[in-house]
Amino acid sequence: MKAVGVTDFGGPEVLKILELPDPVAGPGEILVRIHAAAVNPTDALIRSGEHVRMFGRTAPLPYVPGMDAAGVVIAIGDGVETDLKIGDYVMAFIAPGGSYGAYSEMLAVPANSVVKAPPGFSHAQACTILMNGMTARVALDTLALKPGSTVLVTGAAGTFGGYAIELAKEDGLVVIADASEADEPAVTGFGADLVLRRGDDLAERVRERFPDGVDGVIDGALFNERIVGAVRDGGVIITLRMFSGEAERGVKLVPIRSKLHAEDRAKLEELRNLAGEGKLTIRVFDTFPKEEASEAHRRLEMGGLRGRLVLEF
């Protein structure tokens, strides 16, 4: 089969078409013919080798990125108890490692990481749901705020930020979000109760509205310690890319890793159902054939995307 991966880490140009052995569905696995894979910021960290530096371990090469896939079931391994059948349109949350990644024509995936795609969704749409949705779900579960509590979502116009807002509203939270003037209508549409202008002084402007600080923060914009002032004493800031620590006033910065929940089928089913009910806003910014993966990564690194780029296989 063909896959898109790297034999050495670096810039977008290192992505190439690889010929890999066809996978088979082993015990507990479902074999998926992948038709679309989302291009996420985490994929660029993998491609560049930054994840190796972050986690301090050697990565096996060749390495195939990709955490979000959608396609069709083509085989079911022994011992799998599932309502899925051959021919079903599905989406899968991939925890990549070595040559196991979503940028592939076929992949044998743990059965609990695969769920049906919402009815009527294209492969490109379906492949943008699970990884970002699960990251937002884990962020909210880690905060464990009671209904009526306040949560600040930074990077609110992005895919992860949009899902975080919509899931927070499902949980009954009051959502404060940041946005540029151009993005404010979209962020309001996700359900944010208050939209503040994005910028380095966001923490100060949050305190103007909430003198004691908000109850928690989901920091999609990677403010890290610069957003500490926005949260109440003893509050928690959910961070990405493994940024952690304890700040003034007992505020904790807590990183999350959604890939550890790749086989949480109940949460994956919940995300599928919410997307099917129109409660998660699906945004595909553009699609690229697998041969143009380098160009997709260049576009990703330019920033300013409002929706996901997708590779088609």
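So the values come out like this:
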read-out	value
Close pairs (9 angstrom Cβ cut-off, 6 or more residues apart or separate chains): free of Cβ contacts under 8 Å to residues at least 40 places away in the same chain and under 17 Å from Val175 (Cβ atoms) in the stretch 200-214, aromatic (Phe, Trp, Tyr) and in a loop (DSSP other than H, G, I, E, B) anywhere	Ala203/Phe223
Conditions (1) farther than 22 Å from Met106 by Cα; (2) surrounded by fewer than 13 Cβ atoms within 10 Å (Cβ to Cβ); (3) modelled with pLDDT under 95; number of the one not met by Pro60	(1)
Complete set of residues in the stretch 214-233 that are more than 24 Å from Glu50 (Cβ to Cβ), assigned to a strand (DSSP E or B) and touching a strand residue (DSSP E or B) at 6+ places or on another chain (Cβ under 8 Å)	Val214, Asp215, Gly216, Val231, Arg232
Filter pass, Leu152 being in contact with a strand residue (DSSP E or B) (Cβ under 7 Å, 6 or more places away or on another chain), over 22 Å from Ala3 (Cα atoms), among the aliphatic types (A, V, I, L, M) and in a loop (DSSP other than H, G, I, E, B)	no
Filtered residue count, the stretch 90-138, keeping only those that are of a type in the set (Ser, Thr, Tyr), under 25 Å from Leu305 (Cβ atoms) and more than 11 Å from the chain's Cα centre (by Cα)	3
So Ala3, is it touching a strand residue (DSSP E or B) at 6+ places or on another chain (Cβ under 7 Å) and either acidic (Asp, Glu) or crowded, with 16+ Cβ neighbours inside 10 Å (or both)	yes
In the stretch 253-286, residue farthest from the chain's Cα centre (by Cα) [restricted to those that are surrounded by 17 or more Cβ atoms within 10 Å (Cβ to Cβ) and small (Gly, Ala, Ser)]	Ala275
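The values are calculated or read from the model by the stated rules, or taken from the named source; none is laboratory data. Note that the structure is predicted; figures quoted are calculated from it, not measured. All Cβ positions, even for glycine, are placed from backbone atoms using ideal geometry, and neighbour counts span all protein chains on display.
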